[in-house]
Amino acid sequence: PPGGRAMGARGRRAAAAAGPPDGGWGWVVLLSCFVVTGFSYAFPKAVSVYFKELMKDFGVGYSDTAWISSIMLAMLYGTGPVSSILVNRFGCRPVMLLGGLLASAGMVAASFTTNIIQLYLSAGVLTGLGLALNFQPSLIMLGSYFDKRRPLANGLAAAGSPVFLTALSPLGQVLLDRYGWRGGFLIMGGLLLNCCTCGAVMRPLGCRGGGREGAAPQELKEMLPSKGGAEGGRAGKRSDRKSRRKLLDFSVFRNRGFVVYAVAKFVTVLGLFVPPILLVNYAKDQGVPDREAAFLLSIIGFIDIFARPTCGVIAGLRWVRPRVAYFFSLALLFNGLTDVCSARATDYRGLVVFCVFFGVSYGMVGALQFEVLMGIVGSSAFPSALGLVLLIEAVAVLIGPPSAGRLVDAFNNYELIFYMAGGEVIAAAVILSVASYCCVGRGQRSRDPAKGAGTDREADSPLADGNNAHRNHSSSELAPPSRQEDLAQGGGALREEEMGLNMECPVQRESF
């Protein structure tokens, strides 16, 4: 009968949205996220092998060519809110298909440019926008398909960056030697069309995305008998319409853990990308042959390949995951100290040693950054939080590499940029660890657990001790019998509200 088919459809949708499958088609989504992450993070660094030729053809300096990568990364970060709005409105798959086309079109147009400004607009703005429209939706889809295995999934997806950096850097040098920078840009544009293939396999999971997160719990409540069912149904529909209208959620700024994370990431990005962007030019200026100079980025990428999945596995351990923010601070400290200690490396052997340690520390940072953010805000607020964080980082990435290039142009001394970059990353590590302990962790540990048992912010934030999540979840399951009877005999609206909380808690709180 029609009623039975409707109930069956509701049940299937509710089961699909009840929790991430942690496998199945998620492995295909993980592979696509691997490719997209590789292009998004490796591409702005890999184009640095063309900078010497661009400086000769256009008669510009280090800071001018560094703007190409900076604009590309700034678009990748700064258009995060735009990507969040488009994903909430149209879904991940259409946005990723559009992004793949824009990224490819930008590099193809860059091959026909005649001045550096046109190169900024094509390779920087257009390609950067296309990468942004691929990168953020892929992370959102990955978070919806994985829960218990999410740290491992994030680590494997983040490994796409070093794998592609290992391949794209020498490939770019080969293309430059054979076809020039224009031919190399044209072929790179064709490679970026693979992002469209990745977007095509991003099959939506249940009713996730587009403000429909609360649809499945509402359907479950409608299928259960209650005294106030009609009233609860109308309230659920009103809340669902309200969530649909909210395309970008700024309420995440009320989360102290998110504010600490955003400030730390801003300071981090000021120096994190400076060494890999300017490393090839630095090596060439020291007399290293072009092929060997480009191979330095491959060394970073090769080490990074193993560092990211390994770090993802470690972050998923039971005793590490509640304290993943402090683990992230350790990774930042390691990266900053690597920059500072390697500032005087001038020969090729010293640069190789720097690349090894930088690859390990950079892989740790890349594997943990989005795991920490998702743990702070939860999966439902992750699209908006990611977009806002990327927007904040866009400002930093427009300041960091060009400032370093200007230092080189002014003093002709690369040692200064290593000290500058390392100092900024070390400062970010100190800010994150100290603020996590003093401003967030201590305040939440001193709070009465019973009063905070219903707040998602405390349950989701790893910047606190992290044990409240499991304690709150277990306390909701182990309520005394008298309390259960009160809930069963209470008003219909209260009963539905409590049942909704109990159904959502196992999915949202158990992981953070």
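Within the stretch 90-134, if we keep just the residues that are crowded, with 18+ Cβ neighbours inside 10 Å and of a type in the set (S, T, N, Q), the residue that is farthest from Arg182 (Cα to Cα) turns out to be Asn134. Against the test of being β-branched (Val, Ile, Thr) and under 20 Å from Gln369 (Cβ atoms), the options Val82, Val60, Val87, Val49 yield a single qualifying residue, Val87.
Check Ile299, Ile277 and return the single one that is open to solvent by 10 Å² or more (accessible area, probe 1.4 Å), under 30 Å from Ser138 (Cα atoms), part of a helix (DSSP H, G or I) and out of contact with any strand residue (DSSP E or B) (no Cβ under 6 Å at 6 or more places or on another chain). Step through it out loud before you land on a result.
Numbers: Ile277 fails: open to solvent by 10 Å² or more (accessible area, probe 1.4 Å).
The unique qualifying residue is Ile299.
The condition (being assigned to a helix (DSSP H, G or I) and in contact with a Cys (Cβ under 8 Å, 6 or more places away or on another chain)) is satisfied by just one residue among Asn88, Asn134: Asn134. All of Leu407, Leu391 fail the test of being open to solvent by 40 Å² or more (accessible area, probe 1.4 Å) and either without any contact (Cβ under 8 Å) to a residue 12 or more places away in the chain or farther than 19 Å from Ala66 by Cα (or both), apart from Leu391.
Answer with yes or no whether Val60 is assigned by the TED database to the domain that holds Ala110 and not in a helix (DSSP H, G or I). Talk me through it step by step, then tell me what you get.
Values: assigned by the TED database to the domain that holds Ala110: yes; not in a helix (DSSP H, G or I): yes.
Taking the combined requirement at face value, the residue satisfies it.
Once the stretch 76-120 is narrowed to residues that are closer than 23 Å to Val280 by Cα and of a type outside the set (Val, Ile, Thr), the residue that is farthest from the chain's Cα centre (by Cα) is Asn115. Exactly one of these conditions fails for Met420: (1) open to solvent by less than 10 Å² (accessible area, probe 1.4 Å); (2) under 14 Å from Leu272 (Cβ atoms). Give me its number. Result: Met420 fails condition (1) only.
Scanning the stretch 312-359 for residues that are of a type in the set (Lys, Arg), open to solvent by 80 Å² or more (accessible area, probe 1.4 Å) and in contact (Cβ under 8 Å) with a residue 24 or more places away in the chain turns up Arg323, Arg344. Take the conditions closer than 19 Å to Gly366 by Cα, in the same structural domain as Asn88 (by the TED database) and in contact with a Gly (Cβ under 6 Å, 6 or more places away or on another chain) and apply them to Pro137. Does it pass? No.
Test of understanding: among Ala331, Ala325, which residue is of a type in the set (A, V, I, L, M) and either farther than 15 Å from Gly422 by Cβ or part of a loop (DSSP other than H, G, I, E, B) (or both)? Before you say what the answer is, go through the steps one by one.
Numbers: Ala331 fails: either farther than 15 Å from Gly422 by Cβ or part of a loop (DSSP other than H, G, I, E, B) (or both).
Sole residue among the options that is of a type in the set (A, V, I, L, M) and either farther than 15 Å from Gly422 by Cβ or part of a loop (DSSP other than H, G, I, E, B) (or both): Ala325.
Within the stretch 366-383, does at least one residue satisfy the condition of being at pLDDT below 90, open to solvent by less than 40 Å² (accessible area, probe 1.4 Å), within 15 Å of Phe418 (Cα to Cα) and not in a helix (DSSP H, G or I)? Among the residues of the stretch 366-383, not one is at pLDDT below 90, open to solvent by less than 40 Å² (accessible area, probe 1.4 Å), within 15 Å of Phe418 (Cα to Cα) and not in a helix (DSSP H, G or I), which makes the answer no.
A single entry from Gly3, Gly61, Gly24 fulfils the requirement of being among the small types (Gly, Ala, Ser), more than 27 Å from Arg308 (Cα to Cα), surrounded by fewer than 17 Cβ atoms within 10 Å (Cβ to Cβ) and modelled with pLDDT of 75 or more: Gly61.
Looking across the stretch 256-300, the residues that are under 18 Å from Val434 (Cβ atoms) and not hydrophobic (A, V, I, L, M, F, W, C) come down to Arg256, Gly257, Tyr261, Lys265, Thr268.
Go over the candidates Ser48, Ser32 one by one and state the one that is in contact with a Cys (Cβ under 9 Å, 6 or more places away or on another chain), in the same structural domain as Arg149 (by the TED database), at pLDDT 75 or above and of a type in the set (S, T, N, Q). Walk me through how you get there before you give the answer.
On the way: Ser48 fails: in contact with a Cys (Cβ under 9 Å, 6 or more places away or on another chain).
One residue alone meets the criteria, Ser32.
The values are calculated or read from the model by the stated rules, or taken from the named source; none is laboratory data. On a predicted model such as this, the values are computed, not experimentally measured, just so you know. Virtual Cβ from ideal backbone geometry, glycine too; neighbours counted across all protein chains shown. Quick note on the areas: whole protein, heavy atoms, side chains included, nothing else; ligands and nucleic acids left out. Shrake-Rupley method; radii C 1.70, N 1.55, O 1.52, S 1.80 Å.
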